[in-house]
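A quick write-up on the structure given underneath.
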Amino acid sequence: MFIKVNNEEVILLMDKHRNPSSQIKEYGLDNKLNGFYVFDTILVKGLRSTRFLKIYFSDGEVDKTKKEYITFSEEHLKIINKQIFKKVNDLSKFLLPREIQKISS
């Protein structure tokens with residue numbers, strides 16, 4: 001699932017039962033990605049400071065030397081969180097009640 005923030009697209013990982021790394025690798029290979037992509041791990045790992053990963057792909061393969069955690073401004077976080085609320089039917093399947101409350105404010 002994609003979330004658009006200005007000119008940047010954020011890919012929302014949705015499978016709570018699978019490791020984020022394996023989901024990212026699979027996504028890159030399936031879509032033959034090239035360049036930098038940003039992934040949001042909130043629905044997989046919960047609300048953490050290391051929520052967003054910026055990863056470089058070459059011919060669908062992850063370049064582990066070009067992987068970093070990034071942050072967004074409060075304004076952009078509100079946009080992202082609002083879109084998550086619109087696109088995910090039942091956040092309680094992914095997040096604790098206090099996490100849902102925190103991203104809703």
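Across all Cα atoms of the chain, the radius of gyration (one decimal) and Dmax (whole number) stand at 13.5, 40 Å. A simple packing score, the average count of other Cβ atoms within 10 Å per residue, orders the peptides 24-37, 87-100, 63-76 as 24-37, 87-100, 63-76, with the highest score first.
Each Cα pair under 8 Å and six or more residues apart adds its separation to the average, and for the range 1-52 the resulting relative contact order is 38 percent.
Within the set of other residues whose C-beta is less than 14 Å from the C-beta of GLU74, count the net charge using Lys and Arg as +1 and Asp and Glu as -1. Don't skip to the answer; put the middle values down first.
Details: positive: ARG51, LYS78, LYS82, LYS102; negative: GLU75.
Summing Lys/Arg as +1 and Asp/Glu as -1 gives +3.
How high is the relative contact order of the chain, given as a whole-number percent (alpha carbon pairs under 8 Å, six or more residues apart)?
Worked out over the chain, it gives 23 percent.
Converting phi to 3J(HN,Hα) with the Karplus coefficients 6.51, -1.76 and 1.60 and the offset θ = phi - 60°, the range 62-78 yields 6, 9, 5, 7, 10, 10, 8, 7, 10, 10, 10, 5, 4, 4, 5, 4, 4 Hz in sequence order, with x at every glycine or proline. Taken one residue at a time, the phi angles of the range 86-103 give Karplus couplings (6.51, -1.76, 1.60, θ = phi - 60°) of 6, 8, 9, 4, 10, 5, 5, 6, 10, 10, 6, x, 5, 5, 4, 5, 5, 7 Hz. Gly and Pro are set to x.
In deg cm²/dmol, rounded to 500, what helix-only [θ] at 222 nm does the chain give when every DSSP H run of at least 4 residues adds -39500 (n - 2.57) and the total is split over its residues?
Numbers: 4 runs with 38 residues, N = 105.
After summing the helix terms and dividing by the residues of the chain, the value is -10500 deg cm²/dmol.
Read the figures in this text as sums done on the coordinates, not as results from a lab. Predicted model only: the values in this text are computed from it and were never measured. For neighbour counting, all protein chains shown are included, and Cβ atoms are generated from backbone atoms with ideal geometry for every residue, glycine included.
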